[in-house]
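The structure under discussion appears below in the form of structure tokens.
The values are calculated or read from the model by the stated rules, or taken from the named source; none is laboratory data. On a predicted model such as this, the values are computed, not experimentally measured, just so you know. As a convention, Cβ positions derive from the backbone with ideal geometry for all residues, glycine included, and neighbour counts pool all protein chains shown. Note: accessible area is taken over every heavy atom of the protein model, side chains too, but ligands, DNA and RNA are not part of it. Shrake-Rupley method; radii C 1.70, N 1.55, O 1.52, S 1.80 Å.
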Amino acid sequence: MYELLFWKYLEEVYLNHHEVYEAIDEQLEVEGLEILPIEVILNRFNTVFSKWEKVDDNSWKNTNGKGAFQIKTTPQSIKIDCYGTEGKTMNLLVDTMAEFKCPLYDPQVPERYDEMSE
């Protein structure tokens, strides 16, 4: 499994990314994060991955290739667990979240890929 995490800071807020990740992983609310339009985002994933089999409300499986993913949400975050998912599919997941101005935090590295990263 490979985790992809997304959140959006309030304007002028910049926190320790790994501490934010840990709080999100515990399903805690984080002061300084925006509330995301979760239903709109999930509907966008339904559109982008319309050719994939929808296993349940938050899980998709590639019936024409490798990989599957599951989305877990809090009001402030989107966490995507990828299972055998190819790099180009992960890029599409990241690009979809970029439409909502939510940059990727990759906890495996750990690094957040936004304009504030060094």
Matching residues in the stretch 88-98 (within 19 Å of THR63 (Cβ to Cβ) and open to solvent by less than 60 Å² (accessible area, probe 1.4 Å)) number 3
(Q) GLU12 - would you say it is open to solvent by 30 Å² or more (accessible area, probe 1.4 Å) and at positive phi? (A) yes
Expected output for the stretch 29-49 (first residue touching a residue at least 60 places away in the same chain (Cβ under 8 Å) and closer than 24 Å to GLU12 by Cβ, partner among the charged types (D, E, K, R) and open to solvent by less than 80 Å² (accessible area, probe 1.4 Å), Cβ below 7 Å, 6+ apart or cross-chain) is LEU36/LYS8
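Condition test on LYS101, is it open to solvent by 80 Å² or more (accessible area, probe 1.4 Å) and under 11 Å from GLU3 (Cβ atoms)?
no
Out of GLU53, GLU11, GLU31, report the one residue that is at pLDDT below 95 and over 14 Å from the mean Cα position of the chain (by Cα).
On the way: GLU53 fails: at pLDDT below 95; GLU31 fails: at pLDDT below 95.
Every option except GLU11 fails the conditions.
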The number of residues in the stretch 16-31 that are over 21 Å from GLU3 (Cβ atoms) and surrounded by 13 or more Cβ atoms within 10 Å (Cβ to Cβ) is 0
